[in-house]
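Here the structure comes first, spelled out in structure tokens, and everything after it is commentary.
The values are calculated or read from the model by the stated rules, or taken from the named source; none is laboratory data. On a predicted model such as this, the values are computed, not experimentally measured, just so you know. With ideal geometry, Cβ positions are generated from the backbone for all residues, glycine too; neighbour counts draw on all protein chains shown.
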Ligand code: GAP
């Protein structure tokens, strides 16, 4: 079988995402809007499973992290203090020939001359700073006094609420505050499907500590985050840790790692893990005039904690999960002839639908009733899809293509018609191996729950 090239592979993934309802272009019926995407019925499940698992691992399974959910619009003073208003920019270049607006790092250089990557023109403007924040106005008047921005990262809400959360949670250092939410960046060139979008979601943890613990915790969180990606089914050899060099790191950071993934379009960042020192809290303390210090009961000292921040993109991780899961193999069709099978090999805990339930025949009342009963039995535990349409092989293929890890078939043996010992048992098919085993209906829920949680 020929292996598709990386660009063919990406085209197939994008087309599958649309065809099966993972990801659609936003406002598609009006021609779309660049850099904006909608998640369809399966995409929303995958995304939710990812966020829930992140929350479980980062908040619920730890006693040193609490969560919060901040507003998207905040007082403009937050963005002045954080430095975003003045410095959250990308250098932008205009091509005078084709009018393309380009990020300076996308300009190609051929034989020492800078060229537009769109038309090859050499008539380019000097780079100038373009602020990536979306500006808006709060209230009825549209003037300077009502300006604010859609947040470009979720982190600042955590810093701005640090004192409130500390007071109510009564945590001792080191401890963290976690948040998942939307962020907005007016990217100059959104590209690579959802990879660089203008609206996206982040999963961020700000883990506060004493200054002397910062470097050690940076290492700790890098390792924890690598483990996380393994636990959602991303192969370790496709993940890479880039130590961000001094000259590319934010000036306040004492160390930053980028966790990168080998997408079909190249190696790209999934998550940043940064030791941000006490920069953010000290900026907000200075600008607000409110103390954000931590009081150490034992030493009776007050000080500003430092922070280590693992900051992951939800949409990028969803895209990595789909790219990682996409595979083609050969399997026999109804007549035993080999055909190409498209399979999304999602880890069961991430798969949008956990289990398909199929009556062997749709025109047999008893088979249908039993299959519906089984679907109802499983529904409180997992997302189940009932399907009675078409040949059983076709129904399996449809579920393979969207990554459903288990298929349950109700047949005449289930009804006890062939062998009374097999009464109330079903065929359980596993997606990747296509192996089938006979399982008692009463054992199904426990057996499946153990594999999807
Ligand atoms: N609070 C730190 C922060 O926001 P960042 O490296 O700018 O750091 C963190 O963003 C993560 O957010 C990135 O690693 C990426 O996964 C995601 N992200 C950033 N910009 C994005 C975009 N335009 N589209 C999709 N995801 C993006």
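The table below gives the values:
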quantity: Filter result for the condition that a residue is surrounded by fewer than 20 Cβ atoms within 10 Å (Cβ to Cβ), under 30 Å from residue 424 (Cβ atoms) and either away from the ligand (no atom under 16 Å from the Cβ) or at pLDDT 95 or above (or both), over 385, 346; calculated: 385
quantity: Among (1) within 15 Å of the ligand (Cβ to nearest atom); (2) closer than 30 Å to residue 176 by Cβ; (3) at pLDDT 95 or above; (4) in contact with a strand residue (DSSP E or B) (Cβ under 9 Å, 6 or more places away or on another chain) - the single one residue 83 does not satisfy; calculated: (4)
quantity: Some residue of segment 323-340 being surrounded by 20 or more Cβ atoms within 10 Å (Cβ to Cβ) and more than 30 Å from residue 392 (Cβ to Cβ); calculated: no
quantity: Residue that is surrounded by the most Cβ atoms within 10 Å (Cβ to Cβ), among those in segment 159-175 that are within 11 Å of residue 70 (Cβ to Cβ) and in contact with a strand residue (DSSP E or B) (Cβ under 9 Å, 6 or more places away or on another chain); calculated: 159
quantity: Flag for residue 187 being near the ligand (Cβ under 9 Å from one of its atoms), surrounded by fewer than 20 Cβ atoms within 10 Å (Cβ to Cβ) and either modelled with pLDDT of 95 or more or assigned to a helix (DSSP H, G or I) (or both); calculated: yes
quantity: Any chance residue 180 is within 13 Å of the chain's Cα centre (by Cα), modelled with pLDDT of 95 or more and more than 10 Å from the ligand (Cβ to nearest atom); calculated: yes
quantity: Hits in segment 291-340 - residues which are under 24 Å from residue 254 (Cα atoms), more than 16 Å from the ligand (Cβ to nearest atom), in contact with a helix residue (DSSP H, G or I) (Cβ under 9 Å, 6 or more places away or on another chain) and not in a loop (DSSP other than H, G, I, E, B); calculated: 294, 303
quantity: Residue match in segment 28-37 (condition: within 22 Å of residue 383 (Cα to Cα), surrounded by 16 or more Cβ atoms within 10 Å (Cβ to Cβ) and under 20 Å from the mean Cα position of the chain (by Cα)); calculated: no
quantity: Test result for residue 134, surrounded by fewer than 17 Cβ atoms within 10 Å (Cβ to Cβ), under 30 Å from residue 66 (Cβ atoms), within 14 Å of the ligand (Cβ to nearest atom) and under 33 Å from the mean Cα position of the chain (by Cα); calculated: yes
quantity: Selection count where residues are more than 8 Å from the ligand (Cβ to nearest atom) and outside any strand (DSSP E or B), scope segment 195-211; calculated: 2
quantity: Verdict on residue 214 being part of a loop (DSSP other than H, G, I, E, B) and within 23 Å of residue 54 (Cα to Cα); calculated: no
quantity: Candidates 99, 80 - the one that is in a loop (DSSP other than H, G, I, E, B) and loosely packed, with under 15 Cβ neighbours inside 10 Å; calculated: 99
quantity: All positions within segment 138-160 that are in contact with a helix residue (DSSP H, G or I) (Cβ under 7 Å, 6 or more places away or on another chain) and away from the ligand (no atom under 16 Å from the Cβ); calculated: 138, 139, 147, 148
quantity: The lone exception for residue 255 - which of (1) within 13 Å of the ligand (Cβ to nearest atom); (2) touching a helix residue (DSSP H, G or I) at 6+ places or on another chain (Cβ under 9 Å); (3) within 24 Å of residue 81 (Cβ to Cβ) it fails; calculated: (1)
quantity: Qualifying residue in segment 274-284 (condition: in a loop (DSSP other than H, G, I, E, B), more than 12 Å from the ligand (Cβ to nearest atom) and within 30 Å of residue 75 (Cα to Cα)); calculated: yes
quantity: From the options 408, 353, residue that is modelled with pLDDT of 95 or more, crowded, with 19+ Cβ neighbours inside 10 Å and outside any strand (DSSP E or B); calculated: 353
